[in-house]
Amino acid sequence: MSVNNEGFIQIDDLDQHAADTHRPTIAERQRVDYREIAKEVGRLGEGKTYFIRTHGCQMNEHDTEIMSGMLEEMGYTPAREMYDADFILYNTCAVRENAEDKVWGNLGTLKPYKAKNPNLIIGLCGCMAQEEVVRERIRTTHPHVDIVFGTHNVHVLPSLVEQAHHSKLTIFDVWDAAHDGTIENLPKVRKDDVRAWVNIQYGCNKFCTYCIVPFTRGEERSRLPQDVIEEIKQLAAEGYKEITLLGQNVNDYGIDLEGVDFADLLELAAGVDGIERIRFTTSNPWNFTDKLIDTIARHKQIPNFIHLPVQSGSSQVLRRMKRGYTREEYLDLVSRIKTRIPDVALTTDIIVGFPGETEEQFQETVSLLEEVRYEGAFTFVYSPRAGTPATRLPDDVSEEDKKKRLYRLNEVQDGISLEQNQKLVGHVLNVLVECESKNNADVLQARTESNKLVHIEGAKTLIGQMIHVKVTEAKTWYLRGEVLPQGVIV
Ligand code: 5AD
Ligand code: SF4
C-alpha cells in the first residue's frame, strides 16, 4: 500500500495497472463514428413496434435512450404496452441479485407470447448479459430469447435485430472488452425535455470487492472532452436546461487520456451558454481532489450537491471492501468540502451486512450518518455477486440481522432527511421546473440545487424554467413550495 497526495491509501495492484497502461494523448484516442455504421442499417423496423424495459442505474437508462434512437432510425416506433411490441428488449442490471431475479421472472412470462407470435423478437442486454452464468441459463432454460448482447457492443443492435429475423437460434454477441476507444454520434431518443444525460466515461477500474461493475462494464474509458462539450452545446441549442455527466467513477475521468481531468471537463461544461445546471454522477471519495472541490465551489452552474458513496462507516469494513480510504479520511474529505462549499448537500450509498460486519462496525456506519448528516442515502443489503472477491469472505451475518440493520439505518436516515428538509421551510429557493407530477397532473415537479424534489402548483408553461419558490412544507422525501413572483432575489 502507498499513500497518494490526497492522503488516501492506494492499492498497489491498481497503481501497477495504471502504470502499465499507455495513456493516449487526446489526438491519439480512437473513436468510431456511428454515422458510418448507420449507412449499413436498413429500415427493417418499418411498421413495427419496440418496448425496452430498463433496470438499474442512470447509465442503463441512457443506454436505453441510445438503443431507442437506433431502433427508431430503423423505422420502429414505441409500443404502448410491452405485450403489443414486435421487439421486446430487457436492459438489465447485475449489481444485486434481486434486480436479476426480476428479469428472470419477466422473461419467463414471455414464453407463451413467443409461442403465440413466432415473429416476436426478445432481447436481453446490459450487465447481466456480460455474465457467463446468465448466458448459460438462457441457453438451457430460456431458448425463447432471440438475442443476447452486452455493454460493450450496444452499437451493433441493428445488425443483431436483422440477424434475428433470419435465425431460429439465440444469437449471442457479447464482447469481453470494449474496443480501444469510444463510439460517437450515437442517435438518442431522450425521455425528458428539460434534463439530459451525457456519458463522459465508461467502465470502472476500482474493483471494490463486492462490486460486479468492473467485470460487466470493463476498464475505464473516457470520451474526448471535445465530443462531450459538443454534445452539451447541441443540447443547449435544443433547449435543455440541465445536464448530468455520467460515469461509474466520474472523478477518474481523463485517467486514460493525457492532459485533461474531471475538474477541467466540469469547468468546460459550466462554460456552455444556456445550460443552467451541470450535475454529475457518480463520484468516488478515493480521488476527490481539492481542484475538483474548488471547481464546484466557483461555478454557479454546478450545483452545490455531491453524491459521495461511503458504503460503510467502519475502517475495517472499508478495508475489506477495498475502497481505498478509511473512515477518518472520508470524514476529512467531507470537512474539506463543507469548508469550501458551506451550503453543500451530500447524499450517499451504503451497504449493510458486508461479510464479517459486526454490530459495532454497523454502529460506526450509523454514527457516520449522524456526523455527516446526509440529505439522503441509498441503502442496500450486501448481495454476493459471482466472481467478485467478497464472495471468498465468510458471509457470516444472518439474513435476519442484515434486514434489521437495513431497517435501523433507514430509520436513522429518514429522521435526518426530515430534519434537513424542515430547516428549509420558509426559505426561498431557486428550482428548475421539470415536469408534471407523476401522480397528480395539477402539481408540477421541480428540483432544488441540492437535488430535492419540490411539489408546486402553477401553469404548465413554467416547465423548463428556473423559478423562485418559498418552501411551505417538508416531508421526508420531498418539499412543498409556493411559486413566488419572479424577480425575487434569492
Ligand atoms: N451488494 C449490495 N449493494 C451493492 N452495490 C454495489 N454492489 C453491491 C452488492 N454486491 C451498491 C453500492 C453502490 C450502488 C450503486 O450499489 O452501494 O454504490
Ligand atoms: Fe463498483 Fe466500486 Fe466501481 Fe463503484 S467504484 S462501480 S462500487 S467497483
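The values are calculated or read from the model by the stated rules, or taken from the named source; none is laboratory data. None of these values were measured; they are calculated from a predicted model. We place every Cβ from the backbone using ideal geometry, glycine too, and count neighbours over all the protein chains shown. Areas reflect the complete protein model, heavy atoms only, side chains present, ligands, DNA and RNA absent. Shrake-Rupley method; radii C 1.70, N 1.55, O 1.52, S 1.80 Å.
Key figures for this structure:
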read-out	value
Cβ-based net charge around Leu89, under 12 Å, with every Lys or Arg adding one and every Asp or Glu removing one	-2
Cα-based shape type of the chain, given that a ≥ b ≥ c are square roots of the gyration tensor eigenvalues and the cut on a/c is 1.5	rounded
Fraction of accessible area attributable to carbon and sulfur, the range 184-422 (%, probe 1.4 Å)	51
Highest average packing first - 464-471, 348-355, 184-191, 133-140, Cβ atoms within 10 Å	348-355, 464-471, 184-191, 133-140
Directionally averaged shadow of the range 107-164, computed from the convex hull of its alpha-carbon atoms, nm²	4.0
Hz values of 3J(HN,Hα) by residue in the range 302-316 - Karplus curve (6.51, -1.76, 1.60), Gly and Pro given as x	9, x, 7, 9, 9, 8, 10, x, 9, 6, 7, x, 9, 4, 5
Long-range HN-HN contacts of Thr77 with modeled amide H, under 5 Å	Lys48, Thr49, Tyr50
Stretch gain in nm, segment Glu162-Glu238, where the contour uses 0.36 nm per residue and the Cα spacing is subtracted	24.2 nm
Karplus-derived HN-Hα couplings along the range 399-410 (A = 6.51, B = -1.76, C = 1.60, θ = phi - 60°), whole Hz, x at Gly and Pro	4, 4, 5, 4, 5, 4, 5, 4, 4, 5, 5, 5
Simple label model, 7 Å out from Cα along Cβ direction - Thr391 to Glu482, nm	5.7
Net charge, Gly313 excluded, C-beta distance under 10 Å - Lys, Arg +1, Asp, Glu -1	-2
Using a Förster distance of 30 Å, the FRET efficiency for Glu97-Gln316 (Cβ separation, nearest 0.05)	0.75
Alpha carbon centroid spacing (whole Å) that separates the range 205-249 from the range 333-361	23
Of all accessible heavy-atom area on the range 33-179, the percent that carbon and sulfur account for (1.4 Å)	51
Residue-normalised accessible area of the chain, given per residue in Å² at a 1.4 Å probe	44
For the range 428-488: relative contact order, % (alpha-carbon pairs under 8 angstrom, 6 or more apart)	32
Residues with amide H under 5 Å from that of Phe305, placed H, sequence gap 5 or more	Ala345
Interchain or long-range residues, amide H under 5 Å from Thr472's placed H	Gly426, Arg480, Gly481, Glu482
Rounded accessible area of His165 (nearest 10 Å², 1.4 Å probe)	70
Under the Karplus curve 6.51 cos²θ - 1.76 cosθ + 1.60, θ = phi - 60°, whole-Hz ³J(HN,Hα) for the range 168-185, x wherever Gly or Pro sits	8, 8, 5, 9, 9, 9, 10, 8, 5, 9, 6, 5, 7, x, 10, 9, 10, 6
Protein accessible area in the range 428-488, 1.4 Å probe - carbon and sulfur %	50
